[in-house]
Structure formats: C-alpha cells, structure tokens
Amino acid sequence: QMAVNNFNYLISWSDFIHMPAKPPGETEDAEIVLRFPQQYEYAVGKGFVKINNLSVDIGLNSPECWVLSSQVSNMDLLKHEQGHYDITALGAREFHDKLDGLKVATEDALIKKIKKIREEIQKKIDVANLKYDDQTNHSMNKQVQKTWEQKIDTAKKNPKGVINDLP
C-alpha cells in the first residue's frame, strides 16, 4: 500500500497565523513552510532490504506559516502560496516514487539511501521555490505567475510529472 497524502490539498488563509506586522527581517507578505515525512515498513530478504507500505504525508508546518492580516483578502497571494505547496507536493511525490520498492543490501544502507534521496529532493524543491519567487516577483508579475500555475497544474496532473518539468 503506497500513498502520497494531501497531494491535491488546497490551502486557505485559515492555515496561516495572521500577523499584524511582518516578523523581523521578513520582506514578504506571507510565508508557507511545508514538510513531507515518510512512513514505511520494510521486508528483509536474503541479502536485501526492501521498502513496502510506504506513505508520504505532505503538510503545512503551521506554527511557521504566517500572513499579514492586511493580506487575507489577497487571493493572488494565496494562489502564489498554493504554488509553493504544489512545488513541494511534486517533490514529495517524486520522493515517494524513488522510495517505492527501493531495494538495498542492509537496514543501514536503507536509512542512508532515504536520507540521500530526501536531501536531493529537498534541494530541487528549494531551487524551484527560489526560481518561482524570483520569476513571479512573489506573485506581482501576473503573466509569469499564470505560466507557473499552468506548468505546475500540468506536472501535477501527469502521474510522472516532476519538479524538473517546471519553468
């Protein structure tokens, strides 16, 4: 039983802490922080360890997600933050797919391999998020924002869609 949970979750401003002012050092009007912990079982065979019953749960790290109270009617900004969620969701699915049925020699090798894959995927997510913010100017560039939304949507609808499919 393999699963990526909350892949198509739609965020809302109620998922965020409403702040009267930006936290010190912040320049944006909102921030979303996501995680995608994995749970799995593994079978030990003759000379190998194989993952089964894998699930990856995408979720908001709620205490770190905030929005300026003055921006909670800003649907363009919410859509932009949804883009960050979806970039992470694509990464989480890619992570899941790389772990799905993973077979290595030992438990220790399994733990190391999962850590390595997670780091590679997290790096892809971080790079994509930076590029997304940069190119869309944090949602201000409406045309580029629209292009990203379409590309993200296409990648999500394709079961083999990955972060590398994004602009």
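Has segment 125-144 got any residue that is surrounded by 15 or more Cβ atoms within 10 Å (Cβ to Cβ), more than 15 Å from Tyr85 (Cβ to Cβ) and either touching a Ser or Thr at 6+ places or on another chain (Cβ under 6 Å) or without any contact (Cβ under 8 Å) to a residue 24 or more places away in the chain (or both)?
There is at least one residue in segment 125-144 that is surrounded by 15 or more Cβ atoms within 10 Å (Cβ to Cβ), more than 15 Å from Tyr85 (Cβ to Cβ) and either touching a Ser or Thr at 6+ places or on another chain (Cβ under 6 Å) or without any contact (Cβ under 8 Å) to a residue 24 or more places away in the chain (or both).
Hey, can you tell me all the residues within segment 110-124 that are open to solvent by less than 60 Å² (accessible area, probe 1.4 Å), more than 15 Å from the chain's Cα centre (by Cα) and under 19 Å from Ile58 (Cα atoms)?
Ile114
Listed here are the residues, each with its yes/no results for (1) surrounded by 14 or more Cβ atoms within 10 Å (Cβ to Cβ); (2) closer than 30 Å to Asn137 by Cα; (3) of a type outside the set (Lys, Arg); (4) touching a residue at least 40 places away in the same chain (Cβ under 8 Å).
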{"residue": "Gly45", "(1), (2), (3), (4)": "no, no, yes, no"}
{"residue": "Phe48", "(1), (2), (3), (4)": "yes, no, yes, yes"}
{"residue": "Ile58", "(1), (2), (3), (4)": "yes, yes, yes, yes"}
{"residue": "Asn61", "(1), (2), (3), (4)": "no, yes, yes, no"}
{"residue": "Leu68", "(1), (2), (3), (4)": "yes, yes, yes, yes"}
{"residue": "Gly83", "(1), (2), (3), (4)": "yes, yes, yes, yes"}
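Only one of these conditions is not met by Glu28: (1) open to solvent by 40 Å² or more (accessible area, probe 1.4 Å); (2) closer than 30 Å to Thr147 by Cα; (3) out of contact with any Lys or Arg (no Cβ under 8 Å at 6 or more places or on another chain); (4) not aliphatic (A, V, I, L, M). Which number is it?
Answer for Glu28: the failing condition is (3).
Give segment 45-76 a look and list any residue that's touching a strand residue (DSSP E or B) at 6+ places or on another chain (Cβ under 7 Å), over 19 Å from Leu10 (Cβ atoms) and among the polar types (S, T, N, Q), or say none.
Within segment 45-76, Asn52, Asn53, Ser55, Ser69 qualify.
If Ala155 satisfies every condition in (1) surrounded by fewer than 18 Cβ atoms within 10 Å (Cβ to Cβ); (2) of a type outside the set (S, T, N, Q); (3) in contact (Cβ under 8 Å) with a residue 40 or more places away in the chain; (4) more than 16 Å from Val33 (Cβ to Cβ) but one, which is the exception?
(1)
For Leu68, all conditions in the list (1) at pLDDT below 95; (2) over 30 Å from Lys160 (Cβ atoms) hold save one; what is the number of the exception?
The one condition Leu68 does not meet is (1).
The values are calculated or read from the model by the stated rules, or taken from the named source; none is laboratory data. The model shown is predicted, which means the values in this text are computed figures rather than measured ones. Positions of Cβ are backbone-derived with ideal geometry, glycine not excepted, and every protein chain shown enters the neighbour counts. Note: areas computed on protein heavy atoms with side chains; ligands, DNA, RNA excluded. Shrake-Rupley method; radii C 1.70, N 1.55, O 1.52, S 1.80 Å.
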